[in-house]
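The values are calculated or read from the model by the stated rules, or taken from the named source; none is laboratory data. Not measured: the values here are computed from a predicted model. Every residue, glycine as well, gets a Cβ built from its backbone with ideal geometry; the counts of neighbours run over all protein chains shown. With ligands, DNA and RNA removed, areas are computed over all heavy atoms of the protein, side chains included. Shrake-Rupley method; radii C 1.70, N 1.55, O 1.52, S 1.80 Å.
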Amino acid sequence: MSEKVKHVLGLSGGKDSSALALYVKETRPELDIEYFFTDTGYELPETNEFIDKLEEKLGYINRLNSRSFNNIEGRGEKDFSNLLKENGDYLPSQRDRWCTVQLKLKPFERWVDEFIKDGYIVKNYVGIRADEQERSGFMVIEKPIESIMPFREDGIVKSDIKNILERNGLDLPAYYEWRSRSGCSFCFYQKKIEWVRLMEKHPDLFEEAKAFEKGEKNNTVGEKFYWMGQGQPLTKLESPAERIRIIENHEKAVERFKKKKRRNALLDDVEDTCLVGDIDEIYDEVEGGGACVTCYK
Ligand code: SF4
């Protein structure tokens, strides 16, 4: 008897997973793929719009709504504010990324469990490219799931991504005009300049993020951490002088980055790509800055 295989591909709202879905459809048309998008309930409006556009190209996308998936346990609605209480009012951070587990991985786990129970072998397609190093931020769940990386198998690199989107009639998601990643509006992986842009573009979402900081407690050694780090509440950004300082520093970092690219004779690459999308390079960090591919890829 032939084995039952379920092919699944997660869309984060980021450019790489989107390009991957389109690429796999072009190059492996024989595969019957179930697409999924884990909606934390705190996605940017631009991300939701982009997922709708993708659905027109790909076909049905399963929305794994983290609120309703958390409801399955019958413990009432589990939106972020309730989860925050459960986690002792400590905001998630790069050191303790409980949000990814609760908002992204658990809904996925519950969804995929149904296939596993039905005797399927699950193959999960991941958008890690051929030009990327091993990802330290790649969180996995303890399930019999095989990760498949078509970009890596086929030598697809960063500069190919935009072409894949364009030949399928899509531009980069609109948030790339001001932010480098998909994921929650309050994601702590944002750089200060991105918080400033969130405040300008979506003041309501900025206020929501700020409200989550209110209950944040001191830790055992008396430190208080906020979304932007220790001792750095979002209220700091309400000062125009502070915002100007952040914007000017960012502009200087962009200039340094452009100079470095010119020195490497890659100016065309700079002109052609969205600089916001290169934010990790601008700040000399590994792509993704440690963020999980589940959230932003
Ligand atoms: S996008 Fe950021 S805040 Fe949201 S689940 Fe992922 S790491 Fe956590």
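Which of the residues belonging to the stretch 145-157 are within 23 Å of Glu55 (Cα to Cα) and in a helix (DSSP H, G or I)?
Pro150, Phe151, listed by residue number.
Taking the stated definitions as given, is Glu34 in contact (Cβ under 8 Å) with a residue 12 or more places away in the chain and not hydroxyl-bearing (Ser, Thr, Tyr)? First the steps, then the outcome.
On the way: in contact (Cβ under 8 Å) with a residue 12 or more places away in the chain: yes; not hydroxyl-bearing (Ser, Thr, Tyr): yes.
Judged against the criteria, Glu34 is a match.
Can you find even one residue in the stretch 148-169 that is in contact with a strand residue (DSSP E or B) (Cβ under 6 Å, 6 or more places away or on another chain), touching a residue at least 12 places away in the same chain (Cβ under 8 Å) and away from the ligand (no atom under 16 Å from the Cβ)?
Start the filter on the stretch 148-169 by keeping residues that are in contact with a strand residue (DSSP E or B) (Cβ under 6 Å, 6 or more places away or on another chain), which leaves 148.
If we keep only those that are touching a residue at least 12 places away in the same chain (Cβ under 8 Å) as well, we get 148.
Those still in the list that are away from the ligand (no atom under 16 Å from the Cβ) too: 148.
Looking through the stretch 148-169, at least one residue is in contact with a strand residue (DSSP E or B) (Cβ under 6 Å, 6 or more places away or on another chain), touching a residue at least 12 places away in the same chain (Cβ under 8 Å) and away from the ligand (no atom under 16 Å from the Cβ).
Please count how many residues of the stretch 81-101 are out of contact with any strand residue (DSSP E or B) (no Cβ under 8 Å at 6 or more places or on another chain) and either more than 8 Å from the ligand (Cβ to nearest atom) or over 12 Å from Cys295 (Cβ atoms) (or both). Reasoning before the result, please.
Taking the stretch 81-101 and keeping what is out of contact with any strand residue (DSSP E or B) (no Cβ under 8 Å at 6 or more places or on another chain), we get 81-89, 92, 94-98, 100-101.
Next cut, either more than 8 Å from the ligand (Cβ to nearest atom) or over 12 Å from Cys295 (Cβ atoms) (or both) only: 81-89, 94-96, 98, 101.
Residues meeting the conditions: 14.
Any residue at all in the stretch 196-205 that is at pLDDT below 95, open to solvent by 30 Å² or more (accessible area, probe 1.4 Å) and more than 16 Å from the ligand (Cβ to nearest atom)? Steps first, please.
Quick first cut of the stretch 196-205, residues at pLDDT below 95 only: none.
Within the stretch 196-205, none of the residues are at pLDDT below 95, open to solvent by 30 Å² or more (accessible area, probe 1.4 Å) and more than 16 Å from the ligand (Cβ to nearest atom).
Keeping to the stretch 18-50, report how many residues are in contact with a strand residue (DSSP E or B) (Cβ under 6 Å, 6 or more places away or on another chain) and polar (S, T, N, Q).
2
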